[in-house]
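Enquirer: Just dropping this structure here.
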Amino acid sequence: MKGCIKTGIVGGTFNPVHNGHLTLADTAYRMLGLDNVLFIPSGNSYMKRNVLAAEKRAEMVRLAIAPYPYFSLSRVELERQGNSYTSETLEYLTEKNPNVQYFLIAGADSLFQMEKWRQPEKIFSLAKIVCAVRDTYDIEELRQKGERLRNFGAEIIYLDMPKIDISSTEIRTRVKRKLSIAEYVPAEVADYIRQERLYYEED
């Protein structure tokens, strides 16, 4: 799509957002020459339960991305009724911004789940998939999976980057145990979690 705007998308529950998300987005932005990256917190995730209230998750994203002028928070899934589906989000964004080429940025774990997502063919027709080689999967295993997804029309770009050993689950556990999360999240996010006492009472 000649002359189009290249926009990356990093989606998820962001429960909470962490440095791994930021590094992934920043690496994709620089290596692929993107114009900007949208962070899209899910509203009602049909894949996960017991997720923190959407507005609190969105506020943590806002705080985390503030130092990056090329990152922005999208409320598209927060404002939609019902479950959040990537295919519907991409369809909405494409209709609203026909001059934008979208790049869906995800980790290897997501690549192995995409066939099970709602309307995978629509996702692949509306966005290029950027897969971070950052998890425990072998690169050859990843490429074999990518070849299978091409049967659905997927175009996959492999993003070579160091493994990021951070998970939101681990962060929530550390908060509950009153351990430091300073090396996992931006200081502003850590302060917000402490001030709002988020995850302190999580079972």
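The values are calculated or read from the model by the stated rules, or taken from the named source; none is laboratory data. For clarity, every value in this text was computed on a predicted model and none was experimentally measured. Every residue, glycine among them, receives a Cβ derived from its backbone with ideal geometry; neighbour counts consider all protein chains shown. These accessible areas exclude ligands, DNA and RNA; they are computed on the full protein's heavy atoms, side chains included. Shrake-Rupley method; radii C 1.70, N 1.55, O 1.52, S 1.80 Å.
Enquirer: With all protein chains present, how much of the accessible area of the chain (probe radius 1.4 Å) comes from carbon and sulfur, to the nearest whole percent?
Expert: Here carbon and sulfur together make up 45 percent of the probe-accessible area.
Enquirer: May I pose another question? Evaluate the charge dipole of the range 1-142 about its Cα centre and quote only its size in Debye, nearest 20, assuming +1 on the Cβ of each Lys and Arg and -1 on the Cβ of each Asp and Glu. Before the final figure, lay out the partial values.
Expert: Working: 16 positive and 16 negative charges, 76 e Å.
Dipole size: approximately 360 debye.
Enquirer: Further question on the same structure: Helix 187-196 sits at what angle to the longest principal axis of the chain, using alpha carbons and giving 0 to 90 degrees rounded to 10?
Expert: 60 degrees
Enquirer: With only alpha-carbon pairs counted, each pair once and no self-pairs, how large is the Kirkwood hydrodynamic radius of the range 27-129 in angstroms?
Expert: About 14.7 Å for the range 27-129.
Enquirer: Can you tell me the accessible area per residue over the chain, all protein chains present, probe 1.4 angstrom, in square angstrom?
Expert: 52 Å²
Enquirer: Hey, another quick one. Between T86, T173, T13, which gets the highest mean-square fluctuation from a Gaussian network model of the chain, Cα cutoff 10 Å?
Expert: T173
Enquirer: At 25 °C and 0.890 mPa s, what whole-number value in µm²/s does Stokes-Einstein give for the translational diffusion of the chain, with Rh from the Kirkwood sum over Cα pairs?
Expert: Working: Rh = 17.5 Å.
Rounded, D is 140 µm²/s.
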